[in-house]
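To keep things clear, I will list the structure first and then write my remarks on it.
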Amino acid sequence: MTALTLNPRGQLSAEKKDLDPAIRKEQLRRWGARAAIGLMLIVALAMLLIPEAAHAGSDSTFRAIVDWLVGILKGSGGLMIAVIALIVAVISLLSGRFMAVGIAFAVAIVAIYGPDVLESWFTAIF
């Protein structure tokens, strides 16, 4: 991969302006990732410095729907999702797709513990 160098004026040299499209795509992907990380850091810093912006769950507009969904996920629905995800994990393990195994285990864990974690996040009192 060709490294980009800038002249003293901060410009690309003439021979490197016409870069290969694959190199440009890789550079754009890297800058996009850096921008996303920077944005996440800014948001995290703002959340730490401005705690008044985080209002603990006092709104009950969608409470009935949330209670219904949490009831399903904590009951047989969550167990069914976890069992299906574990079956997918075993099938993926047997076929050699190890990334799918990790994803299936993550789905099973989120189906079992997700509602409790989310409720504790949104009803926290500082």
Inset, instruction - Return the total of residues in the stretch 86-119 being assigned to a helix (DSSP H, G or I) and either over 19 Å from the mean Cα position of the chain (by Cα) or outside the structural domain of Val70 (by TED's automatic domain parsing) (or both). - result: 11
Legend entry - Single condition Ala14 does not satisfy, out of (1) of a type in the set (Gly, Ala, Ser); (2) modelled with pLDDT under 65; (3) surrounded by 10 or more Cβ atoms within 10 Å (Cβ to Cβ): (3)
Legend entry - Residue ID - farthest from Ser120 (Cα to Cα), chosen from residues in the stretch 19-29 that are modelled with pLDDT of 75 or more and either assigned by TED's automatic domain parsing to the domain that holds Phe122 or surrounded by 10 or more Cβ atoms within 10 Å (Cβ to Cβ) (or both): Asp20
Inset, instruction - Considering only the stretch 62-118, state which residues are loosely packed, with under 12 Cβ neighbours inside 10 Å and charged (D, E, K, R). - result: Arg63, Asp67
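The values are calculated or read from the model by the stated rules, or taken from the named source; none is laboratory data. Source: prediction; values computed, not measured. All Cβ positions, even for glycine, are placed from backbone atoms using ideal geometry, and neighbour counts span all protein chains on display.
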